[in-house]
Amino acid sequence: MLELRGITKSYGGRRVLDDVSFTVAPGRLTGFVGGNGAGKTTTMRIVLGVLSDDGGTVSLDGRPLTSADRRRFGYMPEERGLYPKMKVLEQIVYLARLHGYSKAEAESEATALLEKLGLGERLGDNVETLSLGNQQRAQIAAALVHDPKVLILDEPFSGLDPIAVDVVAGVLQERAARGTAVLFSSHQLDVVERLCDDLVIIAGGTIRASGAREALRAEHSTRRYELISSGDAGWLRGEPGVQIIEFDGGYALFDVDSEATAQRVLRQAVALGDVASFSPQHPTLAQIFKEVIQ
Amino acid sequence: MSTPARATSANRTAPRNAPSELQGVWLVAEREIGSKLRSKAFIISTAILFAIALAGILFAGLASKDATGTPVAVVGTASASVEGIEGISPTQVADRAAAESLVRSGDVDAAIVNDPDSPAGFTVIADSQAPTSLLLTLAKVPTVELLNPPTTDEGLRYLVAIGFGVVFLMAASLFGSTIAQSVVEEKQTRVVEILISAIPARTLLAGKVIGNTILAMGQVLGLAAIAIIGLTVTGQAALLQGLGAPIVWFAIFFLFGFILLASLFAAAAAMVSRQEDIGSTTMPLTMLIMAPYMLVILFNDNPLVMSIMSYVPFSAPVGMPMRLFLGEVQWWEPLLSLVILLATCVAAIWVGAKIYENSLLRMGARVKLGEALRG
C-alpha cells in the first residue's frame, strides 16, 4: 500500500499541492484525474523522488519510502524519455539490467513485454524512427520491464489509438492482477472510468474525492431514473416528488425525491402500459468530476 | 482483491537485488562506449586522426633520411672543395662548358669551377638565381663553442611540444564534449528520470566518466602506438629512445587528467537542460583545455613556465612529459606531480558528483553554481 499523507509543495510562494493525501492499493488500478495544472504530475514526481516536497510523507506498507523502495517502482514520466538513437530492445534490456537482471533474463523479459505491447516487429529499430504511438508503447515497456511493485504512470494513454489503448489497458490490468499497485493519470475520463478500480480526483492542488469507483458513484448518484414505456409518459409531469429532466413520448428521464416515489412511478407506468425499461441512472465519471471540482 | 494477488505471487519473478554499484557503473560505461563506437562520425574522425598521425611521422622520418643532397657539377680539382661536405652530391665533368650545359639543362643545381680570383678559390655557376642554401653550405664559418649546449635541437623540441599539446587538446575536448552532450541528452529527453529511479546519480556519473575515459585512453594509446611504430619503421631509434618514456608518462598523466576534466564536464553539463546551453557552463573548462596547448607552444623553451605547467594538474599531462623529453627533471618530479594530480582528481570527482546530483533533475533554467553546490 502506497500512502501519501499531507503532501504540500509550493513554487515561489504559489501553493501547487495542498495537503494531498490518498492511497494506492496493491492489486488495484487507481485512476488519477484532474484538469491541466491541477497537480497530478507534481504529485507523481514527488512520489518518485525526482522532486522534493515541502511537507508531508509518502510511505509504502506503513514505512517511509526509501530510495531502495523506489528502485522497485516503475515510472513513466510526463515528458517521454528514451535514448533517441538506441534500439528499442537494447534500450529496454539496458533498463532491466540496471535493475539487476542478468543479460539473458533481461533479454527474454524485454522481448516478451515488447511483443505483448505490439512492438515485436520493431525490436531492432532506433527509438527515434518509431511513430509517437509506438514510442509511447516502448516507454510503457521501460516502466514495466523490471516487474515493479508500484507503477506510477503519467498519462499512459495519451496519444494512443483505441486499439493501443486496449492493449496497454490489458497489460496494466494483468499487472494489477499480479499484485502491482498501479497509479495512472489521464485526461481521458472514459478510459479511466472503464479501467480503474479506485479514483483520485485532484483540482487546484487539493484532493476533491478519492476512493473506490463504485463507492464514489453511489455517493454522487442522484435518484435519477430512466423510463422507456409504450404509452405516453406525459402523466409523469403531474406526479408529486418527480422532476422531469428529459421527456419524449414514451421516454422519460427524471429525478425522484425518494425510493418510494420511484416505486410508485414504476407501478403507475406498468398500470398504464408496457414498460420496456425502468432503470436507476449512475452518474458518469465526467459528471462526478465536474461536480467535485466546482 | 488481496487474495488473488497472493495466489499469483508465486508466479512473479523473484524481486531482484539491485545491481551492485560496480555492475551499475559498468553497465552505464558499456552503453556510453557502445553508443560512441556505433557512431559513424566518431569512427571516421578517429580513422582520419590516426591516418594523419601516421602520415606525419612517416613523412618526417623519410624526409630526414633523404640524404642525396644538392646535385652539383664539379670541374677538375674543384672537387676537393666540396669533398666531405654533407648535402652535396657532386658530378665530375670535363670542363667549364660541359658544367654550364648541365646547369642550363637543370640536371644539376649549380656547377663549381676553380677560380684563383675568387676569395674562396672557386666560382659557383648557377642558372638564374644564386643557390642560397648551397652557398651557405660552402661558406666558411668560424667554429662555435657553446658553454651550455642544448640537449635537443630547437625544431625537434617544437615538434614534440606541438605533438603532446595537440593530442591532449583534441582528445580532451572531443571526449569532454562527448560526456557533456551525453549528460544533457539524458536530461533533455528525461531518460534521466527513469535512470535515477533505477540507480543512484553517483553510479550514473561514474559510469559516464569511466566509459568516456576508456574511449579517450583508447585514442591516446592508439596515437602512442602509431608514434612508436612509425618511429621504428622509419628507423629513428634514437628519437624513439628519447620519446618512449615521455609518451608512457603522457598516457598515465592523461588518464587521471581526463578523469578530472570529465567529472567537471559532466557536472557543468548537468547544470543546463538543453544542448544549446552547454557552451555557457563548459566554457571555463574549454579554456582550461586550451591553456596547456597554447602554453607549451609559446613557452616550450622557458624552463620556469614549463616547470609550473608540469605541476599544475590541468597542464601536467602536457608539461611533465615535455620536461621529461627535454631531460630537465629529477626522477621524483613526475611522481610528485602525479600525486598532486591524483589529489585534485579526487577533489574534482567529489565536487563534480555534488553538482551533478543536485542539478540533474532540475529542468528548465540554468542551475546556478552556488545552488548546485549547496544542494
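Let me know the Rg and Dmax you get for the stretch A:1-122 when you use only its Cα atoms, in Å.
17.2, 50
Report the Cα-based extents of the stretch B:271-337 along its three principal axes, largest first, to the nearest Å.
Taking the Cα atoms of the stretch B:271-337, the three principal extents are 47, 24, 15 Å.
If every alpha-carbon in chain A counts as one equal scatterer, what log10 I(q)/I(0) does Debye give at q = 0.08, 0.12, 0.16 1/Å?
At q = 0.08, 0.12, 0.16 Å⁻¹ the computed log10 ratios are -0.46, -0.82, -1.17.
What nm distance separates the two modelled labels at residue B:105 and residue B:118, each placed 7 Å from Cα along Cα→Cβ?
2.2
Cα centroids of the stretch A:104-167 and the stretch A:40-97: how far apart, whole angstrom?
Spelled out, the Cα-based centre of one part sits 16 Å from the other.
Calculate one ³J(HN,Hα) per residue across the stretch B:284-292 by plugging θ = phi - 60° into the Karplus curve 6.51 cos²θ - 1.76 cosθ + 1.60, and present them in order as whole Hz with x for glycine and proline.
x, 6, 4, 4, 4, 6, 5, 3, x
Hey, could you get me the Stokes-Einstein D for the protein assembly as shown, Kirkwood radius over alpha-carbon pairs, 37 °C and 0.692 mPa s, rounded to whole µm² s⁻¹?
Answer from the Stokes-Einstein relation: 104 µm²/s.
Please report Rg (one decimal) and Dmax (integer) in Å for the Cα set of the stretch B:70-138.
10.7, 28
Pairs B:208/B:368; A:85/B:208; B:187/B:354: which exceed 19 Å Cα-Cα?
Details: B:208/B:368 23 Å; A:85/B:208 17 Å; B:187/B:354 16 Å.
Over 19 Å apart, Cα to Cα: B:208/B:368.
Per the Kirkwood definition applied to all pairs of different Cα atoms, how many angstroms is the hydrodynamic radius of the stretch B:231-316?
After inverting the pairwise mean of 1/r, the radius is 15.2 Å.
Provide, as a two-decimal number, the C-alpha radius of gyration of the stretch A:218-294 over 2.2 N^0.38 Å, N being how many residues it has.
In units of the 2.2 N^0.38 Å rule of thumb, it is 1.14.
Compute the long axis of helix A:162-177 from its Cα atoms, compare it with the longest principal axis of the Cα atoms of chain A, and write down the angle in degrees, 0 to 90, nearest 10.
Here the helix axis deviates by roughly 80 degrees.
Tell me, what is the FRET efficiency for residue B:202 and residue B:332 to the nearest 0.05, using R0 = 22 angstrom and their Cβ-Cβ distance as r?
With a Förster radius of 22 Å, E is 0.05.
Under a GNM of chain B (C-alpha, springs under 10 Å), which listed residue has the highest mean-square fluctuation: B:175, B:122, B:258?
Between B:175, B:122, B:258, it is B:122 that shows the largest mean-square fluctuation.
If you take the C-alpha gyration tensor of the stretch B:175-294, multiply each eigenvalue by 5 and take the square root, what semi-axes do you get, largest first, in whole Å?
Details: eigenvalues 245, 48, 24 Å².
Equivalent ellipsoid semi-axes, largest first: 35, 15, 11 Å.
When only alpha-carbon atoms count, how far does the stretch A:135-267 stretch along each of its three principal axes, as whole angstroms with the largest first?
Answer, in whole Å and largest first: 63, 31, 30 Å.
Could you list the square roots of 5 times each eigenvalue of the Cα gyration tensor of chain B, that is, the equivalent ellipsoid semi-axes, sorted largest first and rounded to whole Å?
Sorted largest first and rounded, they come to 62, 22, 18 Å.
How large is Rg/Rh for the stretch B:312-367, to two decimals, with Cα atoms and a Kirkwood Rh?
1.26
How much of the DSSP bridge set in chain A is antiparallel, in percent, rounded to the nearest 5?
If we restrict to bridges inside chain A, about 70 percent are antiparallel.
Between residue B:91 and residues 5 or more places away or on another chain, which pairs have amide H atoms under 5 Å apart, with H built 1.01 Å from N, and which residues are they?
Counting only residues 5 or more places away or on other chains, the set is B:72, B:73, B:74.
In a GNM of chain A with a 10 Å cut-off on Cα contacts, which of A:46, A:201, A:244 has the highest mean-square fluctuation?
Greatest mean-square fluctuation among the candidates belongs to A:244.
Read-outs throughout are calculated quantities, based only on the coordinates presented, and are distinct from any laboratory measurement. Quick caveat: nothing in here was measured; it's all calculated off a predicted structure. Neighbour counts are summed over all protein chains in view; Cβ atoms, including those assigned to glycine, are modelled from backbone coordinates with ideal geometry.
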